[in-house]
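For reference, the structure discussed in these notes is given below.
The values are calculated or read from the model by the stated rules, or taken from the named source; none is laboratory data. Remember, predicted model here, so these are calculated numbers, not experimental data. All Cβ positions, glycine included, derive from the backbone under ideal geometry; neighbour counts span all protein chains shown.
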Amino acid sequence: MERALGADWRAKSHRCVHCGNGMVRWITAVLHKPTNERVVFGADCTERLGFENHQAFKLALLKKRAAAHAESLKAWKRREEFVAKHPSIAAALKAIEEPVHAGNAFVKDVLRKLDRYGSLSDKQVAAVEQSLARDVEHAREEGRRRAVEPKGDAPEGRQEVTGQVLSVQFRESDWGEVLKMLVKLVNNSKVWVTVPSGALGTDGGLKGKVITIRATFERSRDDKSFAFGKRPTLVGIREAVA
């Protein structure tokens, strides 16, 4: 392959320069004489196009780009007409940039489809409206909860903490599955930390119990009331008091 295509054969050996397909199996290697560069055509493009010379190849590329541009322009025009007829989508295009919707990957994906195809189905429009409304309601709930239950700063560095286990979950890591727990501390901050080996197999499970551990914590950059813990050791476990 290196003799046929050059030192960069790995980058272009299975990518057709005409259609852009990067998974072609049967290829035709061609020497482009004006640049002395070796390029690849997939078998289908080789058979379909049958270029006689570089000028014919260049013309085919120009026609392809022009067709793609024309189709993109049509989609954009359809998009503009669609947005004009659907005020909620026009509002969504602006609202999605607001912090309250920053984590809404669903709406962002649907709006990318709008850019690509120029329109959305009635179900997609309704789903976007509902999803954005849920973001706003969740933010309001969080604001009310914070007002009633103010959070303190999460721990940082190596220290001992005590809190109630809210959830326990298996997560994938470089060393296989690891059991993690979310713990709410007495100042209402939270930590996400590996379950210490001494707590594994706790009767009745860990969720709901009050646990004391010593671990090394790193506070979140985005939320000072949340920290990630590592290298935990168990100090004690007890039942929560109502």
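Within region 171-200, which residues are modelled with pLDDT under 85 and part of a loop (DSSP other than H, G, I, E, B)?
Asp174, Trp175, Leu200
Would you check if Lys209 is surrounded by 12 or more Cβ atoms within 10 Å (Cβ to Cβ), more than 30 Å from Leu111 (Cβ to Cβ) and at pLDDT below 90?
no
Tell me, yes or no, whether region 133-150 has at least one residue that is more than 28 Å from Ile96 (Cβ to Cβ) and touching a strand residue (DSSP E or B) at 6+ places or on another chain (Cβ under 6 Å).
Looking through region 133-150, none of the residues is more than 28 Å from Ile96 (Cβ to Cβ) and touching a strand residue (DSSP E or B) at 6+ places or on another chain (Cβ under 6 Å).
Pick from Asp135, Asp223: which is part of a loop (DSSP other than H, G, I, E, B), surrounded by 11 or more Cβ atoms within 10 Å (Cβ to Cβ) and either among the acidic types (Asp, Glu) or in contact with a Pro (Cβ under 8 Å, 6 or more places away or on another chain) (or both)?
Asp223
Out of the residues in region 76-116 meeting the condition of being assigned to a loop (DSSP other than H, G, I, E, B) and of a type in the set (Asp, Glu), tell me which one is surrounded by the most Cβ atoms within 10 Å (Cβ to Cβ).
Out of the qualifying residues, it is Glu98.
Of all residues in region 166-184, which are farther than 15 Å from Leu206 by Cα and either among the hydroxyl-bearing types (Ser, Thr, Tyr) or surrounded by 15 or more Cβ atoms within 10 Å (Cβ to Cβ) (or both)?
Listed by number, the list holds a single entry, Ser173.
Can you work out which of the residues in region 201-218 that are of a type outside the set (S, T, N, Q) and in a strand (DSSP E or B) is nearest to the chain's Cα centre (by Cα)?
Selected residue: Glu218.
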